[in-house]
Amino acid sequence: IGGGPAGLIAAREAARAGASVIVFEEHMEIGEPERCAGLLSLSGLKRLGFSVSGKYLQNIIRGAVIRTSNGRWRILDAGRPVAAVVSRSIFDKEAAKQAEHAGAEIVCGVRVKAVKRDGGEFRITASDSIRQSLWVIDAEGAGAALLRRFLGAGTEPRKWIPIIQLIVENHGLDKRFVYIYLKDYLPDFFAYLIPIDESLGKLGVASRSPDLKKLLMRFLGEEFPDVLCLNSSSHVIYTGSPLDSTILFPSRLVPVGDAAGHVKATTGGGVIMGGLIAARIASAIAASLNGGSPERPLAEARKLIKELRRMAYLRRLIGRMNSPLLEILIAIATSKIGNPYLSRKGDMDFQISSILGSRF
Ligand SMILES: Cc1cc2nc3c(=O)[nH]c(=O)nc-3n(C[C@H](O)[C@H](O)[C@H](O)COP(=O)(O)OP(=O)(O)OC[C@H]3O[C@@H](n4cnc5c(N)ncnc54)[C@H](O)[C@@H]3O)c2cc1C
């Protein structure tokens, strides 16, 4: 259920392993509406089986510039390409193409309204038909209404933060870096500018405050008084702990992606890690259907989920730090010692284990 990256990558993997797969997507077109910054690590793209120079590529990134809450600029420079900025609309269409090529059927414009157990199968009530299935992969994204109804539980509701993302013109920044802004009036999440090119960029501001629009205007006035706003979208971003989908595996309705909170709580990024876990879950399902053991892909999924759990813990820790302490940590990370260490050892997706040296 859901034709976002998690659902499509799961469909691709299950179909490749011989399962009969159908993907339901409620929107008429895969990848629309686009509500993502599309910052994906190059290593993550490769791990997911996507080219690092696909049609979805908009920009290549080598580091981050951090504007701390006391107004200082700090630079984290890997000195080499580390991430891609992609058009999520085109990226998702490529994921759909790969899933279809593997044999999955993708049905757009069809909403799944209910999922019920029916003997040993599931009864899927979609807006156009009723179908039976042996397994359900729930990749319905944030909100996950079906999952909540089915399980009576889900991700941590308080950890979803409303976000407004703008496409802006005339940002005037070096396009090889992403820009992170820490502001005392935006305590829930950092603001960002991710360049698409020398002029266009994706600018995001997130907050639990009911005055999010006012905060966005304040941020724009302070940091980007000269940009032109071309487009705006509102959504939510997850900063909590992931669900352990491997525990839910025996129920045969398995949540993946945002529906399961498979998001890096430190940055809100969910495409790569969500996709990697979804692929493992799909392989485990296919192994079960083929009469084999699902244990190996499940063990891999468990490790990935553990990594996300540790990032959620780190996020909670950072959330409790006061600004001066955070300033010191950022100064160390971007120092002459910290920067080379992070560029050698750091990994955007495996933030904790790569730095601790216990790489996945
Ligand atoms: C502003 C913003 C910026 C972001 N930036 C980044 C970033 O730079 N890098 C990154 O990695 N992540 C980023 N993310 C997070 C990323 O977008 C998500 O983690 C990712 O899209 C999750 O993929 P998914 O497939 O789980 O869910 P989604 O992409 O949300 O896809 C779920 C799909 O399910 C469909 N659906 C839902 N319910 C039903 C139903 N009942 N029947 C049929 N279809 C249904 C929806 O229409 C949707 O297409 C960002 C998020 C936001 C909001």
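The values are calculated or read from the model by the stated rules, or taken from the named source; none is laboratory data. Just so it is clear, the structure is predicted and the values come from calculations on it, not from any experiment. Because the Cβ atoms are built from the backbone with ideal geometry, glycine has one as well, and the counts that use them run over all protein chains shown. Ligands, DNA and RNA are stripped out before the accessible areas are found, and what is left, the full protein with its side chains, is counted by its heavy atoms. Shrake-Rupley method; radii C 1.70, N 1.55, O 1.52, S 1.80 Å.
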Discussion item. With θ taken as phi - 60° and the coefficients 6.51, -1.76 and 1.60, list the Karplus ³J(HN,Hα) couplings across the stretch 202-213 in order, rounded to whole Hz; mark glycine and proline as x.
Written reply: 9, 10, x, 9, 10, 6, 7, 5, x, 9, 4, 5
Worksheet item: So, in Å, what gap is there between the alpha-carbon centers of the stretch 317-360 and the stretch 27-58?
Response: 26
Discussion item. Let me check I've understood the local charge: for GLY3, count other residues with C-beta under 9 angstrom from its C-beta, Lys and Arg +1, Asp and Glu -1. What total comes out?
Written reply: -3
Item to complete: Determine the share of the chain's accessible area contributed by carbon and sulfur atoms, expressed in whole percent, with a 1.4 angstrom probe.
Response: 55
Discussion item. Please give me the summed charge of the neighbours of GLU140: other residues whose Cβ is under 9 Å from its Cβ, Lys and Arg +1, Asp and Glu -1.
Written reply: -3
Discussion item. Which residue, TRP160, THR68, SER207, has the largest displacement toward the positive end of the dipole of the chain when charges sit on each Cβ (Lys, Arg +1; Asp, Glu -1)?
Written reply: THR68
Worksheet item: For the stretch 169-226, which chymotrypsin sites (Phe, Trp or Tyr not before Pro) are both in a DSSP coil and crowded by at most 14 other Cβ atoms within 10 Å?
Response: TYR185
Item to complete: Kindly report the accessible area of the stretch 1-128 per residue (heavy atoms of protein chains, probe 1.4 Å, no ligands, DNA or RNA), in Å².
Response: 45
Worksheet item: What does the helix-only formula give at 222 nm for the chain: each DSSP H stretch with n ≥ 4 adding -39500 (n - 2.57), the total divided by the residues, and the result rounded to the nearest 500 deg cm²/dmol?
Response: -10500 deg cm²/dmol
Practice prompt. Could you provide, to the nearest whole Å², the per residue accessible area of the stretch 159-238 with probe 1.4 Å?
Written response: 45
Item to complete: With only Lys, Arg, Asp and Glu charged, each at its Cβ (+1 for the first two, -1 for the last two), find how big the charge dipole of the chain is about the Cα centre; round to the nearest 20 debye.
Response: 1100
Fill in: Quotient of C-alpha Rg and 2.2 N^0.38 Å, computed over the chain
0.99
Practice prompt. Search the structure for amide H atoms under 5 Å from the amide H of GLN58, placed 1.01 Å from N in the peptide plane, and list their residues when 5 or more places away or on another chain.
Written response: VAL85, VAL86, SER87
Item to complete: Please list, in chain and number order, the residues 5+ apart from ALA191 or on another chain whose amide H is under 5 Å from its amide H, with Hs placed from the backbone.
Response: TYR181, LYS183
Practice prompt. Compute the signed sum of charges (Lys and Arg +1, Asp and Glu -1) over the other residues within less than 14 Å, Cβ to Cβ, of LEU308.
Written response: +3
Fill in: Nonlocal amide H pairs with GLU34, under 5 Å, H built at 1.01 Å
none
Worksheet item: In square angstrom, what is the accessible area per residue of the stretch 289-343 with a 1.4 angstrom probe?
Response: 63
Practice prompt. Could I get the Rg over Rh figure for the stretch 159-238? Both from C-alpha atoms, Rh via Kirkwood, rounded to two places.
Written response: 0.94
Discussion item. Nearest 10 degrees is fine. How inclined is helix 295-320 to the longest principal axis of the chain, computing both from alpha carbons?
Written reply: 30
